[in-house]
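What follows draws every value from the coordinates through simple rules; no lab data is involved. Model, not experiment: these values are computed from the prediction. Reconstructed Cβ throughout: ideal geometry from the backbone, glycine too, with neighbour counts over all protein chains shown.
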Amino acid sequence: MAECAFCKIASGELPATKVHDDDVVVAFRDINARAPTHILIIPRKHVASLNNLSREDDAAMGHLVRVATQIAQQEGIADTGYRLVANCGNDGGQSVDHVHFHLLGGRAMTWPPG
Ligand code: 5GP
Ligand code: ZN
């Protein structure tokens, strides 16, 4: 997608502080961190929201979740705990239309989310 900021980050056209980069997923620090660790993990493939995932994306999304756990280890938050969340649509609070998971940690999270 030519106008998608996260596609541009994945391709290197836009700068970001990347913490993981492979053939399938890219992870980078959120520009507006809401926790001591706040990393976004995205599939390289442009998919607008969770609602647009198809069966052919299953392997990529499984890989994405496992990469998230590896990043949690790297960031030193695996044992203290973390939250892995994806916002979908207006009520979910999604603001960028390219599937992404937030990896948040380094502080205690509250529940329910706002
Ligand atoms: P959403 O609100 O869609 O769940 O999450 C989008 C996230 O992307 C927000 O936390 C926002 O701070 C982050 N974000 C938006 N644009 C950029 C950008 O250009 N670079 C980085 N690193 N993060 C971004
Ligand atoms: Zn995109």
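Over the Cα atoms of the chain, what is the Rg over Rh ratio if Rh follows Kirkwood?
0.94
At a 10 Å Cβ-Cβ cut-off, how would you order L14, L50, L103, L64, fewest neighbours first?
Least crowded to most crowded, the residues run L14, L50, L64, L103.
Using amide H atoms built in the peptide plane, which far-off residues or other-chain residues are under 5 Å from A86 H to H?
Residues meeting the amide H criterion: H102.
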